[in-house]
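Below you'll find the structure, written out as structure tokens, and then a few comments.
The values are calculated or read from the model by the stated rules, or taken from the named source; none is laboratory data. What you see is a predicted model; the values in this text were computed from it and never measured. Every residue, glycine as well, gets a Cβ built from its backbone with ideal geometry; the counts of neighbours run over all protein chains shown. The accessibility values were calculated without ligands, DNA or RNA, using every heavy atom of the protein model including side chains. Shrake-Rupley method; radii C 1.70, N 1.55, O 1.52, S 1.80 Å.
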Amino acid sequence: MNFEATAGGALRIDGRATAKDVLVRLTTEVSSLVAEGARPGLAVVLVGGDPASAIYVRHKIRACDRTGIRSVAHVLSAATTREALLALIDTLNDDDEIDGILVQLPLPPQFDSDEVIARVRPDKDVDGFALRNLGALAAGRPGLVACTPAGVMEMLRRYYAQTGGDLSGKHAVVIGRSVTVGKPMALLLLEANCTVTVCHSRTPDTAAHSRRADVIVAAAGRAKLVKADWVKSGAVVIDVGIHRQEDGTLCGDVDYLPVTHVAAGISPVPGGVGPMTIAMLLDNTLRAYRARRGAAS
Ligand code: GUN
């Protein structure tokens with residue numbers, strides 16, 4: 001699979017095609033495990049009726065079905081108690097058939113997300129949100145890495161493999177400092193030998209930092225924040241944002257069309273980081289399976 005040029009000239013860093021590639025590899029790996037009588041399993045927990053969360057969970061389950069990973073969905077009502085949710089997590093922690101546990105966020109307001117995430121066994125934490133996994137990432141040690149930043153790294157690796165360049169030594173600017181994306185993203189880019197700048201809502205002049213970047217990862221959660229004049233000619237831009245516009249269409253944190261005329265590579269929305277997040281969740285499930293049940297399989 002090769003990325004193709006947009007009308008503006010930048011290469012389109014196609015997350016949908018990349019995710020499909022990853023899923024094909026995972027399908028092969030899972031089928032050889034199945035031939036040996038084993039099957040990795042993922043439990044997805046959804047609490048409450050948030051419509052966007054229900055759609056995300058459906059996509060995750062469907063991707064499991066396609067790759068042969070066993071999925072179990074636990075859909076709980078918004079009236080579920082803290083005790084009931086923690087008890088379910090305990091059951092899943094102890095279930096030998098379950099290799100990964102994902103609690104879809106956001107949780108209804110009566111829950112403390114930190115407490116719920118902390119209850120998931122770190123070796124089944126396929127979201128990579130547990131403190132042990134975040135700490136391992138900070139220390140450059142093996143662990144489960146959050147799916148969205150892991151997906152961005154896979155897209156960047158493929159982009160540089162195709163163009164003959166090297167991510168090492170690049171100046172990367174991450175816009176956003178969330179625990180789920182911005183912070184692990186910065187750590188992964190550091191591990192890949194980038195010089196990393198993290199900008200956030202209190203940064204006085206994010207545009208000035210962005211203009212100096214070889215690589216921009218936009219994860220601010222603000223529609224079309226990154227304009228063409230924020231992007232150096234030849235920069236590579238990955239867009240983690242997703243927003244519903246007034247006309248019903250989706251856009252990201254990057255003003256896509258104008259930026260395609262300036263950047264050397266850019267990921268679209270939709271069809272960029274979103275599909276990669278799901279692919280990396282399944283990749284993490286297989287990693288958790290291998291780590292837990294031994295490298296023998
Ligand atoms: N809600 C939105 N994105 C995510 C994610 O990556 N993991 C979980 N658990 N919930 C989410």
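Things worth noting here:
- When the stretch 123-147 is filtered for residues that are assigned to a loop (DSSP other than H, G, I, E, B), small (Gly, Ala, Ser) and surrounded by fewer than 18 Cβ atoms within 10 Å (Cβ to Cβ), only Gly140 remains.
- Residue in the stretch 244-297 that is farthest from the ligand (Cβ to nearest atom), counting only those that are open to solvent by 60 Å² or more (accessible area, probe 1.4 Å) and among the small types (Gly, Ala, Ser): Ala296
- For the stretch 65-76, the set of residues classified as out of contact with any strand residue (DSSP E or B) (no Cβ under 8 Å at 6 or more places or on another chain) and either in a helix (DSSP H, G or I) or surrounded by 19 or more Cβ atoms within 10 Å (Cβ to Cβ) (or both) consists of Arg66, Thr67, listed by residue number.
- Test for Ile266: is it of a type in the set (Val, Ile, Thr), touching a residue at least 12 places away in the same chain (Cβ under 8 Å) and closer than 30 Å to Pro142 by Cβ: no
- Note on the stretch 77-122: residues that are open to solvent by 80 Å² or more (accessible area, probe 1.4 Å), within 13 Å of the ligand (Cβ to nearest atom) and of a type in the set (A, V, I, L, M) total 0.
- Search result, residues across the stretch 41-64 that are of a type in the set (Gly, Ala, Ser), within 21 Å of Met276 (Cβ to Cβ) and crowded, with 17+ Cβ neighbours inside 10 Å: Ala63
- Residue pairs whose Cβ atoms lie under 6 Å apart, sitting 6 or more positions apart in sequence or on different chains, and linking a residue in the stretch 193-218 that is under 20 Å from Asp229 (Cβ atoms) to a partner that is surrounded by fewer than 22 Cβ atoms within 10 Å (Cβ to Cβ) and modelled with pLDDT under 95, do not occur here.
- Output for the stretch 123-136, where each listed residue is away from the ligand (no atom under 15 Å from the Cβ) and out of contact with any Lys or Arg (no Cβ under 9 Å at 6 or more places or on another chain): Leu131, Arg132, Ala136
- Yes/no for Arg12 being closer than 26 Å to Val236 by Cα, crowded, with 19+ Cβ neighbours inside 10 Å and touching a residue at least 12 places away in the same chain (Cβ under 8 Å): yes
- Filtered by the rule that a residue be free of Cβ contacts under 8 Å to residues at least 40 places away in the same chain and within 16 Å of the ligand (Cβ to nearest atom), the stretch 150-168 gives a lone residue, Met153.
- Any hit, the stretch 12-21, residues being within 16 Å of the ligand (Cβ to nearest atom) and in a loop (DSSP other than H, G, I, E, B): no
- Checked against the criteria, Thr285 counts as hydroxyl-bearing (Ser, Thr, Tyr) and in contact with a helix residue (DSSP H, G or I) (Cβ under 9 Å, 6 or more places away or on another chain).
- Looking only at the stretch 169-217, and only at residues there that are within 16 Å of the ligand (Cβ to nearest atom) and of a type in the set (A, V, I, L, M), the one that is most open to solvent (accessible area, probe 1.4 Å): Val179
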